[in-house]
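Undergrad: Let me begin by handing over the structure; questions about it come next.
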Amino acid sequence: MTEGRNNNGGIGADAEALISIKGVSKNFKKNGRDITVVNDCNLDIGENEFLVIVGPTGSGKSTLLKMIAGFEAPTTGELRVGGEIIKGPGADRGMSFQEYALLPWRTVLKNVELGLEFKGGKNEAENRELAMKYIDMVGLSYAVNKYPAELSGGMKRRASLAMILVTKPKILLMDGPFNALDSKTKMTLHTEISRIWEHEHNTIIFVTSELDEAVKLSDRIAVMNKAGRVSKIFKNSLPRPRMGRAVLETDFHNRFIKLREEVLNEVKAGAGLAACEY
Amino acid sequence: MACFSEQAIGIVALLLGVSGSIKRLNMADRIEKKQQSRAGKIGVFLMDRSFYVLGVLLFLVIWQAASTLKLFGSDFSEAFSPLAAALALVEMGRDGDIVRHAIPSLRRVLVSLAFAILFALPVGVLVGYFKRLEQLTYVVFQFMRMISPLAWMPIAIIIFGVGDLSVTFLLWLVAIWPLILNTAHGAGRVSPLWLNMAKTMGARDAGILRKIIIPAAIPDMLTGLRLAVGVSWIILVPAEMLGVPDGLGYFILDTRDRFRYDQLIATIVVIGAIGYLLDSANRWLISKYSWKI
């Protein structure tokens, strides 16, 4: 089930990597000291793959995602998408932010329509219909005309999720998108994101610190440690769908628990390593 | 004597009532407002309103007393009193003096504001958005901002001649700074998160400007507009004392030369009232078009 300590990842040798990360490090200056956040990271991500990155806080997961999005440049190494070196943000890589990027002067509906307005081409009614579809999906139809200031944290998160989903990016980068959501909404969104991924054949890179979520959603799970390295990649071959009745089967359940246990041990080892270093 | 003491008791009672209400408002304001019924809300609204009116009335009473009782010395003539001013105002309204002078004043302020907005908003957005441009202009703008436009008067007259053009130029010169600096502040406040998000959605520069930067800066633009209107209206009076044949500033000097101090006071009241209305309009704009975080 696991691939051992293989940083070059689990997609087959014949498959062309959609995203390739080679020897990527990222240093930040803090109080005059260089801090390595991402350390010699190697990762290949294939087309239509659902990769989940887990790791303790401060392991550089978010920074790695930001580099793929093009918001941060690596200190060394290179990141490529479809063979092209990433030079900055682009419409092919949609990012769902950990912070809420809602525009405070627009209602939920107008916020979700924003990406469609940037794309252009469609008329207002079509945009509205599409936006409503995604707002409905994240369970916010009752708040379409509210402004961000009137929304709770969970509602803001759902709105920003709809905002990015509606633009249907080829690569979806998600930084803890379901953190701090109630479990019911979270389950709905797990189902929806799996469905979207299966229907739209996009590639998803999903950062989280919740292992249940990681096992539920992923094709592969990359574990990052405190040193900012990808310490191990687990292949997740649990059958899909992983929600609903399938979960009740003993075999599925056992495999689920086993994989989560292995990932958890790896995460713990990664966090512990740092404790020794400091 | 009996009558006087009754009045005194009345005044004391009024003052007690006033201080009591103020305390009530301050201390338990929030809790009370939540629990109030509709009738209670209307009561508080009327109470609040009546204090605004009371303030104006107190001011008028003190003012009238000052001229009737010569509180500020014998030079504070009866012609300075609000009653005399009210009568003069009616007279000026009837023979059209108010309109004849208020219209050119408003025209000068609005025309100069329009030009100031056309110039200052684009400059402000650019300065706010591009850090280098802000650094390039910072000292000069802060320096220019502190110079009263009246100091430029001789130069304005050399370039534009005596008359409307000079006055409009001076008003423009005073209005652009609050507009530029506030707009720049607003455009500079745009969250990098919004820009990143727009870029991941494939937005181009024009789209980012139109849908992110300008709307983000609108509350600050409106604040700048409010300040600009305020200083323009204040500078208007002295500017109109310099070689124009009409306007409220000109009329102030005119009434002085004709020894019509009641009309002078009435003109001052008109200037204050128009200024207040302009500011109210701005406050309404701000409350209507400002977004909140």
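Read the figures in this text as sums done on the coordinates, not as results from a lab. Predicted, not measured: the structure shown is a model, and the values here were computed from it. Ideal geometry is used to build each Cβ from the backbone, glycine not excepted, and the neighbour counts take in all protein chains shown.
Undergrad: Starting from the Cα coordinates of chain A, work out the convex hull volume and express it per residue in Å³.
TA: Given the Cα convex hull of chain A, per-residue volume reads 146 Å³.
Undergrad: Quick check: Cα centre of region A:182-234 to Cα centre of region A:66-87, how many Å?
TA: 21 Å
Undergrad: So, in nm, how far is label A:F28 from label B:A114 when the simple model puts each one 7 Å beyond its Cα toward the Cβ?
TA: Distance between label points: 5.1 nm.
Undergrad: Which aspartates and glutamates, if any, have their Cα less than 14 Å from the Cα of A:K122, not counting same-chain residues under 8 positions apart?
TA: Correct list for A:K122: A:E113.
Undergrad: While we're looking at this one, here's another question. Arranged by the count of other C-beta atoms within 10 angstrom, fewest first, what order do A:E113, A:E78 take?
TA: Ranked by crowding around the Cβ, least crowded first: A:E78, A:E113.
Undergrad: On a full-extension model of 0.36 nm per residue, what is the gain between B:D75 and B:R256, subtracting their alpha-carbon distance, rounded to one decimal in nm?
TA: 63.7 nm
Undergrad: Based on other C-beta atoms within 10 Å, arrange B:I62, A:I68 from fewest to most.
TA: Least crowded to most crowded, the residues run B:I62, A:I68.
Undergrad: On to the next question. Among A:L248, A:L43, A:L172, whose mean-square fluctuation peaks in a Gaussian network model of chain A (Cα, cutoff 10 Å)?
TA: Judging by the Gaussian network model, the answer is A:L248.
Undergrad: Moving on to the next point. Taking the Cα atoms of the protein assembly as shown, what is the range of coordinates along each of the three principal axes, in descending order and whole Å?
TA: 102, 67, 54
Undergrad: Name the most mobile residue of B:I98, B:I158, B:I234, meaning the one with the largest mean-square fluctuation, in a Gaussian network model of chain B with Cα contacts below 10 Å.
TA: B:I158
Undergrad: Given a cut-off of 22 Å, name the pairs among A:K22/A:K268; A:K119/B:K211; A:K22/B:K199; A:K170/B:K131 whose C-alpha atoms lie farther apart than that in the structure shown.
TA: Cα-Cα > 22 Å for A:K22/A:K268; A:K22/B:K199; A:K170/B:K131; rest within.
Undergrad: If the cut-off is 15 Å between C-alpha atoms, which aspartates and glutamates fall inside it for A:K26, apart from same-chain ones fewer than 8 positions away?
TA: In chain and number order, the partners are A:D34, A:D40, A:E72, A:E78.
Undergrad: Rounded to the nearest 500 deg cm²/dmol, what is the calculated helix-only ellipticity per residue at 222 nm for chain A, with -39500 (n - 2.57) per DSSP H run of length n ≥ 4?
TA: Taking each H run of at least 4 residues, the total per residue is -12000 deg cm²/dmol.
Undergrad: What is the distance in Å between the Cα centroid of region A:117-174 and that of region B:90-162?
TA: One Cα centre to the other: 43 Å.
Undergrad: Would you work out if region B:94-289 is rounded, prolate or oblate? Take a ≥ b ≥ c from the square roots of the eigenvalues of the alpha-carbon gyration tensor; rounded if a/c is under 1.5, else prolate when a/b is larger than b/c, oblate otherwise.
TA: prolate
Undergrad: May I pose another question? Given 0.36 nm per residue, what is the gain on full extension from A:N42 to A:S152 after removing their alpha carbon distance, in nm?
TA: My answer for the length gained is 35.8 nm.
Undergrad: Among B:W172, B:W233, B:W152, whose mean-square fluctuation peaks in a Gaussian network model of chain B (Cα, cutoff 10 Å)?
TA: B:W152
Undergrad: Between A:A180 and B:F160, what's the calculated FRET efficiency when r is the beta-carbon distance and R0 is 60 Å? Round to 0.05.
TA: Here the calculated transfer efficiency is 0.45.
Undergrad: Under the rule of -39500 (n - 2.57) per DSSP H run of 4 or more residues, summed and divided by the residues of chain B, what mean residue ellipticity at 222 nm is obtained, to the nearest 500 deg cm²/dmol?
TA: So the helix-based figure for chain B works out to -28000 deg cm²/dmol.
Undergrad: For region B:175-237, I need the span (max minus min coordinate) of the C-alpha atoms along each principal axis, in Å, sorted largest to smallest.
TA: Principal extents (Cα only, largest first): 52, 17, 13 Å.
Undergrad: Could you work out how far apart the two model spin labels at B:Q64 and B:L46 are, taking each label as a point 7 Å from the Cα in the direction of the beta carbon, and quote it in nm?
TA: 2.4 nm
Undergrad: What list do you get for B:H185, A:H199, A:H253 if you sort them by fewest beta carbons within 10 Å?
TA: The most exposed by this proxy come first: A:H199, A:H253, B:H185.
Undergrad: A follow-up question, please. So for region B:94-289, taking the charge dipole from beta-carbon charges (+1 Lys/Arg, -1 Asp/Glu), which of B:V125, B:L195, B:S148 sits furthest toward the positive end?
TA: Of the candidates, B:L195 comes out farthest on the positive side.
Undergrad: Roughly what would the spin-label model give for B:Y276 and A:T57, points 7 Å off Cα along C-beta, in nm?
TA: 5.5 nm
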